[in-house]
Amino acid sequence: MGRLFWKFFFVFMLAQVVTLVGVSTAFWLRHRDASPGPDFPRGPFAAVALDAAAATLTHGGEAALRSLLSDWARRPGPDVYALGSDGRDILGRALPAPAPGEGLRTNSAPIASTRRVELADGRSFELRVAGRGREEAGWRPPQRPGSGERRVLGVFPGAPLAGGLIASLVFATLLAWYVAKPIRSLRSAFDAAARGDLDARVGERIGSRSDELADLGRAFDRTALQLKTLVEGQRRLLHDCSHELRSPLARLQAAVGLARQQPDNLQASMDRIEREAARMDKLIDELLTLSRVETGTGTARREGIDLAQLVNDVVGDAVFEAEAGATPVAFDVDVSALRATSIKGDAEMLHRAVENVVRNAARHTAAGGRIRIVGRPGDPAREIHVEVTDDGPGVPESELQSIFEPFFRGAAAGGSSGHGLGLAIARRVVEAHGGCIAASNREGRGLVVTIRLPA
């Protein structure tokens, strides 16, 4: 068990013990001076007892009174004494010892109330009630001859204190264990993550509890999952990058070898080296862009974006490149429905995403073909769509999802010079803005790529 467990345990145990000792001490001090002694009922109870005894003596005689007082002595009730002319009780009982300062005394007996009864034969009896005065309005068991009663504790209450300590020990242990258990699970998961095991999870061990420690454990699980995704992405990126760079590097080495072997063809070799260097530069730029988007550092800015203007800027660049190229294509653009809407995001990254989709459409559209770009509100209304349709050969149905994976080049790519990163970057950017991107084949011929973004 860790140090936090013992800290919680001792703190709560100390609080329980202090409370228990304080209450027990106050209880003990409150009652320790209440030494045993006779108290005297003086209220209506004493009068009722004397009335009953007097009526019994008057109408039933001494024998009836003796029977009544004997019966009262065996039951909870008053202490009623009947004293004859000789001052002795008819049952032979000794009157209780007096308590200092308590009430009226007769023959050294504490008397709460008395009554004298004259019989027809000339005898007289004095009836007296002796009891415990601190219970004036109550009822108490009678004191039999020679018996005594301890109403209060004369020693420190050890039994309640021991019981309280045991209960405090149990509950403090349970509470400290309940708090320390998820922390131990978290420590174990952190140790596993430090060793490189990013599959370690805390949620399964925490269970269904809902508190700050459970939230911390679930936050760790999300962090571990994100780290695992990033690490695997970096590994995959390094693998794909090494694979893609191997071909241009081989061509560069071949060009250098030809330049040395054939000095007369030096210019052709230099042109080849320049083209391969440009390809490598473009590849590295795309790899860096993809890495920034996957790690979230490339879409940190949030600003209002006029999507209609952004699409028009992308199309303007594409038209310029198409007119300067060997295979010009035509563009039909209708984004008027987007003029009344705007989105929040990173304008530069969204420009690159739309540009990659448009460039991909232009790359796979034959000369004289047409590319249509349409913007419209989506369903639900808080969503907008941008559709890019080309006249290319389309994509096999089995590859429609794969074209958005890094370095994927399907059969329809043919001799395309791309690296398979453009659509992957577009998907990452769109998803980082809370949207999605999908592709479908158009009826007849061509591919439709739909970008959905929250308005």
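The values are calculated or read from the model by the stated rules, or taken from the named source; none is laboratory data. The structure displayed is predicted, hence computed values, not measured ones. Here the Cβ positions follow ideal geometry from the backbone for every residue, glycine too, while neighbour counts run over all protein chains shown.
Look at (1) modelled with pLDDT of 75 or more; (2) surrounded by 12 or more Cβ atoms within 10 Å (Cβ to Cβ); (3) within 30 Å of residue 383 (Cβ to Cβ); (4) not hydroxyl-bearing (Ser, Thr, Tyr) and you find that residue 282 fails only one, number (3). Candidates 337, 367: the one that is among the hydrophobic types (A, V, I, L, M, F, W, C), surrounded by fewer than 22 Cβ atoms within 10 Å (Cβ to Cβ) and more than 30 Å from residue 302 (Cβ to Cβ) is 367.
Would you pick out the residues in region 370-391 that are at pLDDT 85 or above and outside any strand (DSSP E or B)? Across region 370-391, the qualifying residues are 390, 391.
The set of residues from region 327-354 being assigned to a helix (DSSP H, G or I) and either hydrophobic (A, V, I, L, M, F, W, C) or within 20 Å of residue 434 (Cβ to Cβ) (or both) comprises 337, 338, 347, 348, 349, 350, 351, 352, 353, 354. Take the conditions modelled with pLDDT of 50 or more and assigned to a loop (DSSP other than H, G, I, E, B) and apply them to residue 179. Does it pass? For residue 179, the condition - modelled with pLDDT of 50 or more and assigned to a loop (DSSP other than H, G, I, E, B) - is not met.
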